[in-house]
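So the structure is just underneath, and the comments pick up after that.
Readers should treat all values here as calculations from the given coordinates under stated rules, not as data from a laboratory. Quick caveat: nothing in here was measured; it's all calculated off a predicted structure. Neighbour counts are summed over all protein chains in view; Cβ atoms, including those assigned to glycine, are modelled from backbone coordinates with ideal geometry.
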Amino acid sequence: MQKRAVSGVGLGLRSVHYDHVLSRRPAVPWFEVISENFMGPRGGSGGRPLEVLAKVRREYPVALHGVSLSIGSTDPLDFDYLKKLESLASVIEPWIVTDHLCWTGAHGKNLHDLLPLPYTEEAARHVAGRIEKVQDAIGRSIAIENVSSYLSYKHDEMAEWEFIARIVKTTGCGVLLDVNNIHVSAINHGFDGEEYLAGIPVAAVRQMHLAGYSEENGFLIDTHDHPVSDPVWKLYAAAVRRFGAVPTLIEWDEHIPSFARLQKEAAKAKEVQDGVCAAAV
Amino acid sequence: MASAPPLSELQGWLAAVWTTREGVDAALKSPAGEKARRWISELRPPSARDRLAVYSDAYFLRLLESLGSEFPAVKRALGEDNFRKLIADYLSRHHSDSPNLSDLGSKLAEFSAAHALSKRFPYLGDLCRLEWEVLSALYTDRLPPLDPAVFSRLSPADWEKAALVFDPTLSLLEVSWPVDRLWAQRSSPAKAARCVWRTPRPGKLAVWRDDEWVRVESLEQEAFLTLESLMRGTSLPAACAASGAEADELKSWFAAWAKEGLIKGLR
């Protein structure tokens, strides 16, 4: 597998588009996949999904994006899971391995959701320690993604962006900056998205995500089932101004449209990147 | 204000709230719910209750959707409401303890066979078992294709001890109901699915994965027993002798198994 420098706007690879991607080989700079979809159940292996991913990987760079690392959980790290992740990464040779800054379960129960952490010194130390262990276990650095959240805690001691900056400083991990998630949380909690961007260390941002959300009575839910919204495009332009044209992904996981529609959304993101970069010259 | 709870305690309370079957209002009346609510910010609307409810609602719907996609024939056979009830009961008994959602249905066959719905849908346990085997085959790596030259290299003495190697995706299933028919219809409109079998019709099934997807085929009793014996490692001559089948019949079985890619080598 050839290692290529990754740039531009990639797409989330979903099973409905496997045939199209393998038969048409569309012009997409890279794909992102959900790591757990290629691990299989306990006692299993990658099986058919991994066969397909290996074929895709022969043609495209791939990013591995996890949803189950549960880096913020107080349960012990799951080293069987990390072994599977390390094994998957050694087969696929992804250009980046990412997961979310959240917890997905505790006390032996996995809720399979991206649950918000309190932004406290205790939590920052806890997460940083676990990121270091994860990076040691899988033998590569990871990037952590900010999640959308629908609640915050009374005992928060710092803003989310300060929490991320603290963890990056301690661990040297990267940041996957989800611009849609910043906007969703900004509306739900009443902070300024651009202030958030200003608090994230520039050199740490390795990738960005764009997606669509749903609105319920003024409350935003990160549903990944719509086109990217206008306020998120605006915030994305601000992000590109600060962080440069880092590789960006269009996420669309529900009511998944045609591949051509996804490409159109990706082209729009590339236009924003190019426009911002041209204006900066 | 009381001192902030340790992260572990906070996560325990919240996990308890979000997984309460009766929903967020019932959960907030519990000691864990009362403690959790105390630490949710209410600086701006919506309320802490509504904010917690976003996660409670999503928990059940996410797991229901995941199990629905992994057990499509069960969902189709039961219908939306019954499937929802089955899964709600299942999750009350078996929460997820794995990072991989694919593990969530590992106990569904056993659970559903003993569930009240199996009185109305007596094939429920068999159908869940079949769909779990399908999922397992999907996530099992296949061996490379059989090299026919391995047969020509065997000496007559080796033949006496030779055992076949089968593809790891292959599994055999004895069922009391012809659930392979329901599985074959899993993507058809649900209206046609109402099946009213009253008496068991036992069958033998083989589940494996080919180049494209998972296959489920019905086997005759003799072929099933011979295949089962061979998969246990019985030597070829012994398994063939025990089968009681005629030479032509044996030949046709082996030809079919080789053609389907089930035989991967000799040991």
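Pick from A:ASP178, A:ASP192, A:ASP80: which residue has the top mean-square fluctuation in a GNM of chain A where Cα pairs under 10 Å get a spring?
So, out of A:ASP178, A:ASP192, A:ASP80, the one fluctuating most is A:ASP80.
Would you give the gap between the C-alpha center of the stretch A:47-109 and the C-alpha center of the stretch A:183-219, rounded to a whole Å?
What the calculation gives is 24 Å, centre to centre.
Would the stretch B:188-238 count as rounded, prolate or oblate if I go by the C-alpha gyration tensor, calling it rounded below 1.5 in a/c and otherwise prolate when a/b exceeds b/c, oblate otherwise?
Oblate is the answer for the stretch B:188-238, as a/c is 1.5 or above yet b/c matches or exceeds a/b.
Between the stretch B:150-203 and the stretch B:218-247, what's the alpha-carbon centroid distance in Å?
14 Å
Taking Cα pairs under 8 Å and at least six residues apart, what relative contact order does chain B come out at, in percent?
Result for chain B is 17 percent.
For helix B:221-231, report the angle its Cα long axis makes with the longest principal axis of the Cα atoms of chain B; keep it between 0 and 90° and round to the nearest 10°.
80 degrees
Ignoring the sites themselves, what is the longest stretch of chain B with no chymotrypsin sites (Phe, Trp or Tyr not before Pro) in a DSSP loop and at most 16 other beta-carbon atoms within 10 Å?
B:1-196
Compute the signed sum of charges (Lys and Arg +1, Asp and Glu -1) over the other residues within less than 10 Å, Cβ to Cβ, of B:GLY265.
0
What fraction of the DSSP beta bridges in the stretch A:9-280 is antiparallel, stated in percent and rounded to the nearest 5?
Rounded to the nearest five, the antiparallel share is 20 percent.
Taking only Cα atoms, what is the 0 to 90° angle, nearest 10, from helix B:124-138's long axis to the longest principal axis of chain B?
Between the helix axis and the principal axis of chain B, the angle is about 80 degrees.
Can you give me the orientation-averaged projected area of the convex hull built on the Cα atoms of chain A, in nm²?
Averaging across all directions leaves 14.5 nm² for the Cα convex hull.
Cut-off 10 angstrom, C-alpha nodes, Gaussian network model of chain B. Which of B:ASP211, B:ASP141, B:ASP89 fluctuates the most?
Highest fluctuation among the options: B:ASP211.
Suppose we look only past 31 Å in the calculated P(r) of the protein assembly as shown. What percent of the Cα-Cα pairs does that tail hold?
It works out to 54 percent of all Cα pairs.
Just how large is the dipole of the stretch A:193-281 about the Cα centre, in debye to the nearest 20, putting +1 at every Lys and Arg Cβ and -1 at every Asp and Glu Cβ?
520 debye
Can you flag which of A:LYS55/A:LYS268; A:LYS55/B:LYS75; B:LYS161/B:LYS264; B:LYS75/B:LYS119 are past 20 Å Cα-Cα?
Among A:LYS55/A:LYS268; A:LYS55/B:LYS75; B:LYS161/B:LYS264; B:LYS75/B:LYS119, the Cα-Cα distance tops 20 Å for A:LYS55/A:LYS268; A:LYS55/B:LYS75.
Quick one: what do you get for the stretch B:1-69 if you divide its Cα Rg by 2.2 N^0.38 Å?
Compared with the compact-globule rule of thumb, the stretch B:1-69 sits at 1.17.
For chain A, what is the calculated [θ] at 222 nm in deg cm²/dmol (nearest 500), taking -39500 (n - 2.57) for each run of four or more DSSP H residues and dividing by its residue count?
When only DSSP H runs of four or more count, the value is -13500 deg cm²/dmol.
Which ³J(HN,Hα) values, rounded to whole Hz and listed in residue order, are derived for the stretch B:44-56 from phi using the Karplus coefficients 6.51, -1.76 and 1.60 in 6.51 cos²θ - 1.76 cosθ + 1.60 with θ = phi - 60°, glycine and proline given as x?
Those phi angles translate into 8, x, x, 6, 4, 4, 5, 5, 5, 5, 4, 6, 4 Hz.
Assign one of three labels to chain B, namely rounded, prolate or oblate, based on the Cα gyration tensor with a ≥ b ≥ c the square roots of its eigenvalues; rounded applies when a/c is under 1.5, prolate when it is not and a/b is larger than b/c, and oblate otherwise.
Because a/c hits 1.5 or more and a/b exceeds b/c, chain B counts as prolate.
Please get the size of the charge dipole for chain B, origin at its Cα centre, with Cβ charges of +1 on Lys and Arg and -1 on Asp and Glu, quoted in debye to the nearest 20.
Dipole size: approximately 1040 debye.
Would you please give the residues with an amide H less than 5 Å from that of A:LEU111, counting only those at least 5 places away or on a separate chain, with H modeled from the backbone geometry?
Hits under the 5 Å cutoff: A:GLY105, A:ALA106.
Using the charge dipole of chain A (Lys, Arg: +1 at Cβ; Asp, Glu: -1 at Cβ; taken about the Cα centre), state which of A:HIS183, A:GLY44, A:SER214 has its Cα farthest towards the positive end.
The one lying farthest along the dipole's positive direction is A:GLY44.
Pick out, from B:LEU61, B:ILE87, B:ALA48, the residue whose Cα sits farthest towards the positive end of the charge dipole of the stretch B:1-138, with +1 on the Cβ of Lys and Arg and -1 on the Cβ of Asp and Glu.
The Cα lying farthest towards the positive end belongs to B:ALA48.
Can you compute the charge dipole magnitude of the stretch A:111-249 about its Cα centre, using +1 on each Lys and Arg Cβ and -1 on each Asp and Glu Cβ, nothing else charged? Give it in debye, rounded to the nearest 20.
Roughly 620 debye for the stretch A:111-249.
Do the alpha carbons of any pairs in A:LYS83/A:LYS169; A:LYS133/B:LYS107; B:LYS85/B:LYS204; A:LYS154/A:LYS234; A:LYS154/B:LYS35; A:LYS169/A:LYS270 sit beyond 22 Å of each other, and which pairs?
A:LYS83/A:LYS169; A:LYS133/B:LYS107; B:LYS85/B:LYS204; A:LYS154/A:LYS234; A:LYS169/A:LYS270
Long-range amide H contacts for B:LYS264: which residues qualify at under 5 Å (H placed 1.01 Å from N, peptide plane, sequence gap of 5 or more or a different chain)?
B:VAL165, B:PHE166, B:ASP167
Hey, in the GNM for chain B with a 10 angstrom Cα cutoff, which one of B:VAL74, B:VAL207, B:VAL196 fluctuates hardest?
B:VAL196
How big is Rg to Rh over the stretch B:1-145, alpha-carbon atoms, Rh as the Kirkwood inverse-mean-distance radius?
Taking Rg over the Kirkwood Rh, I get 1.09.
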